[in-house]
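Working notes, beginning with the structure itself.
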Amino acid sequence: MRILYLLFAVVFLLFQAAPGSADPIFADTAECRNQGNFCRAGACPPTFTVSGSCHAGLLKCCAK
């Protein structure tokens, strides 16, 4: 029975993914982030402007 706890821990560690690793990298998203900007689904915050798109045009790239 003790082996089940160890087996569960090993399986959990094997299938654990890093946050965001499942997201495909789009060219426009990579370009936005390389410029120090960020992607947002809604409108950009008041002090930011839209400088492009992210995730193949689904999101907005917000820049300072």
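The values are calculated or read from the model by the stated rules, or taken from the named source; none is laboratory data. Computed from a predicted structure; not experimentally measured. Because the Cβ atoms are built from the backbone with ideal geometry, glycine has one as well, and the counts that use them run over all protein chains shown. Calculation scope for accessible area: heavy atoms of the full protein, side chains included, ligands and nucleic acids excluded. Shrake-Rupley method; radii C 1.70, N 1.55, O 1.52, S 1.80 Å.
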Checklist entry - So which pairs qualify, if the first residue must be in the stretch 13-36 and under 21 Å from A63 (Cβ atoms) and modelled with pLDDT under 60, the second must be of a type outside the set (S, T, N, Q) and open to solvent by less than 90 Å² (accessible area, probe 1.4 Å), the Cβ gap must be under 8 Å, and the two must be at least 6 apart or on different chains? => result none
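I'd like the full set of residues that are within 15 Å of the chain's Cα centre (by Cα), on the phi > 0 side of the Ramachandran plot and surrounded by 11 or more Cβ atoms within 10 Å (Cβ to Cβ), limited to the stretch 27-56.
Kept after step one, since they are within 15 Å of the chain's Cα centre (by Cα), are these residues of the stretch 27-56: 27-34, 36-41, 53-56.
Imposing the further condition that a residue be on the phi > 0 side of the Ramachandran plot reduces the set to 36, 55-56.
Once the filter is applied, which keeps residues that are within 15 Å of the chain's Cα centre (by Cα), on the phi > 0 side of the Ramachandran plot and surrounded by 11 or more Cβ atoms within 10 Å (Cβ to Cβ), the stretch 27-56 yields H55, A56.
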